[in-house]
Amino acid sequence: MAITGFNAYHASRLQFDYDFDHFFPEGDPDLAYYNDYRSQFGNDNDYILLGIDAPETVFDPTFLARIDTLSQFLKQQRNIVEVVSPTTLKNPVVESFGAFEIPYLHPYEPEKLPSDSAIIFQTPGLVNSFFSKDGKSVSIALKTSPNLLKLPADTLMQNVHAELKRLNLTETHVAGKSVAESIFVDRMQTELAVFMSLGILLLIVVLWLTFRTWWGVVLPLIVVLFAIIWGLAMMYYFGASIDLMTVLLPTMMFVVGMSDVMHILTRYVTEIDFGTPKMEAIKITLKESGFASLLTSITTSVGFFSLITSPIGPISNFGLYTGTSVLLTFVLAYTLLPAMMILLDKPKMNRPSKDGKSWFDILGSLFRQVVKNRLAILAISAGFIVISVASISKIRIDSTFLEDLSDDDPVKQDFYYFEEKFAGVRPFEMHLKAAPGKTLYDLETLRETEEIETYLSQIYGLNFMASPVTIVKALNRSYNGGGNEYFRLPETEKELKKLTAKLKLFAKKNDLKQLISEDGKSGRLTGKMPDVGSAKAKVMNNELKAFIAKNTDAKILETRLTGTALLMDKNGEDLTTNMMLGMGTDILIVVMIALGLFRSFRMAIITIIPNLVPILMIGAVMGLFSINMKVSTSIIFTIAFGIAIDDTIHFVSKFKLVTLKEPSLFKAIRYTFKHAGKAIIINSSILVCGFFTLLFSSFDGTFYTGLLIGLTLIFGIAAEIFLLPVLLLYFYKPTKQKKNGMVLKEKTPELQRELVN
C-alpha cells in the first residue's frame with residue numbers, strides 16, 4: 001500500500017502535452033533537414049491568426065480605428081515577436097536620397113479610404129492575406145516566440161480576448177499552433193477525468209450484475225486501479241507526458257486489465273459454486289487460469305509493444321507504457337488478488353432455483369444451436385470474409401490538420417474560416433539554393449524561381465507566396481514610385497544590380513531575413529493554402545517535382561520541399577507497414593502458442609481464423625463508411641487483434657486441459673464451450689462497454705478508437721461463440737496418446753458430472 005501511495009503521488013504530477021511537432025516521424029531524414037532549415041529561417045507554424053469580421057465593410061473608419069488600437073495593444077504583449085496588421089502595412093518607396101514608407105491604410109483620415117481600398121485590391125499579396133475578397137473581414141498575423149508553451153499561450157489569449165471584448169470586436173476567429181495545442185491539452189484533462197469516472201462506474205455496474213457481492217466489485221477495482229496508478233507513475237519516472245495517445249491509457253487499463261481479473265474471479269466463483277473448499281478453489285483457479293492468463297497478457301502486451309516501432313513518438317510511447325501496464329496488471333492479478341481472496345471469508349453463492357436457468361443451461365442450449373447450424377455458420381463466415389476483403393480496398397490513407405476534431409467543432413470552424421476568407425492555414429515550404437557560383441539575386445535564378453511560383457499559383461493552389469522573387473518585385477515597385485505595374489522582375493541584369501544595391505536599406509527588415517540568407521545563396525519560398533489532405537498533397541507534390549525536374553535548370557537553381565505540412569503528411573506513408581508489422585508480430589505469437597499447446601499447424605490456423613474475421617470486418621466498416629486510415633486509426637487493428645485473441649487463448653487453453661481428460665472431441669468442445677463461454681461473454685462485454693465510453697470523446701481519433709475496437713470485440717464474441725467451436729468440430733485432429741507417454745488423468749467429479757449431461 002505504501003508503494004502504491006508513493007506511485008499515486010508521482011502519477012498525479014504527470015504533465016499534459018500536445019505538441020504537434022511530437023507527431024513528426026522520428027529519425028526521418030526530412031525531419032533532420034527541416035530542423036536545419038528552420039534554424040535558419042524560423043518555424044513555419046509559430047504564428048497566431050486573428051480573423052475579424054466588420055459590421056459592414058473593413059474600410060469603415062470606426063472599424064479600422066478599433067483594428068489599429070488592437071494592433072498597438074498586441075505589439076506590447078509578451079511572447080509576440082511581430083504584429084502584421086492591415087493598419088500597420090506600409091508600401092516602401094525607394095528614391096535616390098533614401099527610402100520611406102507609405103501606409104496602405106489611413107484609418108484616421110476617412111477621405112483617403114476610398115483610394116486606399118482601390119490600391120489594396122490592386123496590390124498583389126494583400127487580398128487573401130490581410131483582406132478578404134469580399135472586403136468584409138481582415139486578418140492580423142501574430143508571430144509568437146518559438147514553441148510557445150501552454151501557460152504563456154493561455155495568458156496571451158486571455159489578454160487578446162479581453163481586448164477584443166473591450167473594443168466590441170465580437171465576430172472574431174483564431175487559429176494557430178499554440179492556440180490549438182492549448183485547447184487540446186484542456187480537453188485531454190477533462191476527458192481523462194470523464195473516461196476514468198465512466199470506467200469506474202461501468203465496472204461497478206457490470207461487476208455487481210455479475211457477482212452480486214461487494215467483494216466481486218471491490219477486489220477487481222483495487223487490482224485495476226493499482227495497475228493504472230503504477231503505469232502512470234512509470235510514465236512520470238521516465239519523463240513522459242500525457243498526450244492525445246497516452247490519455248487513453250487509464251481507459252485501456254480499465255477494460256483490458258480487467259480481463260485477467262474476470263477470468264480468475266469467474267473460475268473461482270464456479271469452483272465455490274460446486275462446493276470446493278476456499279483454498280482448494282483458489283489453487284485450482286490459479287492453476288487452470290494462470291497459464292492462459294499469462295499467454296493472453298503476453299499477446300495483448302505484444303500488440304501494444306509492436307507500436308514501439310512507429311516513428312511517431314506519441315504512438316510509440318502509448319505502445320510502450322500501455323503494454324507494460326498490461327503486464328503489471330497480470331502480476332497484480334496473480335499476487336494481490338489471491339492474497340485478498342485468502343484473507344476474506346469464503347463467499348456465499350446463491351445457486352439458481354430448480355426452475356431457473358444457470359449460465360451452464362444457457363450456454364448448453366446455445367451450443368446445441370451452434371452444432372445444429374454449423375454449415376450455415378461456415379457459409380455466413382465465408383460470406384463475411386469475401387465481402388470484407390472487397391470492402392477493405394476502399395480504405396484510403398489520408399489525414400488532414402486538426403483531423404481529430406469533428407467538423408462542427410468551434411476550433412475547426414475557425415480553421416475553415418481562414419480557408420474560406422483568406423489564403424488558408426496549411427503552410428507550404430520550399431528550400432531554394434543557388435547553384436555554385438550563383439546567388440538567388442541573379443536574374444536567371446530569379447526567373448527560374450518565378451516559373452515555379454507561377455506553377456504554384458495557377459496549378460498547385462497556393463493563395464499566398466513570399467520568396468526572394470517577391471522581395472525583388474516589391475523592391476522594383478518601390479524603386480519606381482510604388483506603382484503596381486512595376487511589381488515584376490527587372491528585364492535586364494543592369495536594372496537588377498541597381499535594385500540589389502538598394503537592399504542594404506532593408507537589411508534589418510525581418511521580412512528579408514526570413515526569406516533569404518545574408519550571402520544570397522539560400523532562400524525560402526513560403527506560402528499558404530487550404531488543407532487538401534495528405535493523399536491529395538502527395539499527388540500534388542509529385543506533380544510539382546515532375547514540373548521542376550522538367551522546367552528548372554538544376555545548374556542554376558536547386559529546390560527541396562520541406563516544412564511541417566510535409567512531415568505531417570509523411571506520417572501516413574508508413575501506416576500500412578507499421579500496422580502489418582504489428583499484426584504479423586501478434587499472429588506469430590499466436591502461432592507459437594498454438595504450436596506449443598497442440599504441436600499442430602492445423603490448430604494454429606484454427607486459432608487465428610476467428611480473430612482475423614473480426615479484423616477483416618472492421619476493415620470493411622472503415623471502407624464502407626469512408627473512415628480514412630490515419631495516425632489515430634492505424635493503431636486500431638493491432639490493438640484490437642491483440643485484445644480479441646485473449647478469449648481465443650482462454651478457450652483453446654481450457655480445451656487443451658479437457659482433451660487430456662476426455663477422449664471424445666464433441667464432449668470436450670461442449671464442456672469447454674459451457675465453462676469458458678461465461679468468462680468470454682462477460683469479459684468481452686466489459687471490454688465492449690469500456691471502449692464505447694470513448695464515444696463521448698471530442699477527438700475523432702479517440703472516438704473511432706472506441707467505436708472500431710468495440711465493434712471488433714463484438715464481432716470477436718460472435719466468432720468465438722459460433723465459428724471457433726465449428727472449426728474445432730470439423731478440422732481439429734486430436735493426437736493419439738502413447739501408451740508409454742502421457743496417461744489420461746482421472747476425470748474430476750465436476751468434469752464427470754458435466755460430461756454426462
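Miscellaneous remarks
- Options Pro146, Pro124; residue that is over 28 Å from Met245 (Cβ atoms) and of a type outside the set (D, E, K, R): Pro124
- Members of region 248-302 found to be among the polar types (S, T, N, Q) and either in a helix (DSSP H, G or I) or buried (at least 22 other Cβ atoms within 10 Å of the Cβ) (or both), listed by number: Thr251, Ser259, Thr266, Thr270, Thr285, Ser289, Ser293, Thr296, Ser297, Thr299, Thr300, Ser301
- Residue pairs whose Cβ atoms lie under 7 Å apart, separated by 6 or more positions or on different chains, with the first residue in region 334-363 and outside the structural domain of Glu280 (by TED's automatic domain parsing) and hydroxyl-bearing (Ser, Thr, Tyr) and the second assigned to a loop (DSSP other than H, G, I, E, B) and at pLDDT below 80, are Ser358/Pro352.
- Residue check, Arg78 on the phi < 0 side of the Ramachandran plot, in a loop (DSSP other than H, G, I, E, B) and in contact (Cβ under 8 Å) with a residue 60 or more places away in the chain: yes
- Residue satisfying condition, being modelled with pLDDT of 80 or more, over 30 Å from Leu31 (Cα atoms) and basic (Lys, Arg), within set Arg426, Arg351, Arg374, Arg396: Arg374
- Of all residues making up region 538-567, the number that are assigned to a helix (DSSP H, G or I), in contact (Cβ under 8 Å) with a residue 60 or more places away in the chain and closer than 19 Å to Val631 by Cβ: 4
- Selected residue (only one of Phe547, Phe464 is of a type in the set (Phe, Trp, Tyr) and in contact with a Gly (Cβ under 9 Å, 6 or more places away or on another chain)): Phe464
- Filtered residues of region 1-50 (kept if of a type in the set (Ser, Thr, Tyr) and assigned to a helix (DSSP H, G or I)): Thr4, Tyr9, Tyr33, Tyr34, Tyr37, Ser39
- Residue within region 609-618 that is in a helix (DSSP H, G or I), of a type in the set (S, T, N, Q), touching a Lys or Arg at 6+ places or on another chain (Cβ under 9 Å) and at pLDDT below 90 present: no
- Looking only at region 486-502, and only at residues there that are assigned to a helix (DSSP H, G or I) and of a type in the set (Lys, Arg), the one that is surrounded by the fewest Cβ atoms within 10 Å (Cβ to Cβ): Lys494
- Filter result (touching a strand residue (DSSP E or B) at 6+ places or on another chain (Cβ under 6 Å) and either surrounded by fewer than 17 Cβ atoms within 10 Å (Cβ to Cβ) or in a helix (DSSP H, G or I) (or both)) within region 398-421: Val411, Lys412, Asp414, Phe415, Tyr417, Phe418, Lys421
- Residue among Thr672, Thr648, Thr638 that alone is over 19 Å from Met580 (Cβ atoms), in contact with a Phe, Trp or Tyr (Cβ under 9 Å, 6 or more places away or on another chain) and assigned to a helix (DSSP H, G or I): Thr672
- Condition check for Phe73: crowded, with 17+ Cβ neighbours inside 10 Å, without any contact (Cβ under 8 Å) to a residue 24 or more places away in the chain and either at positive phi or not assigned by TED's automatic domain parsing to the domain that holds Pro311 (or both): no
- Scanning region 242-271 for residues that are within 29 Å of the chain's Cα centre (by Cα) and not hydrophobic (A, V, I, L, M, F, W, C) yields Asp243, Thr246, Pro250, Thr251, Gly257, Ser259, Asp260.
- Yes/no for Lys654 being in contact with a strand residue (DSSP E or B) (Cβ under 9 Å, 6 or more places away or on another chain), of a type in the set (D, E, K, R) and in contact (Cβ under 8 Å) with a residue 12 or more places away in the chain: no
The values are calculated or read from the model by the stated rules, or taken from the named source; none is laboratory data. None of the values given here were measured: they were computed from a predicted structure. Note that we place each Cβ from the backbone using ideal geometry, even for glycine, and neighbour counts take in every protein chain shown.
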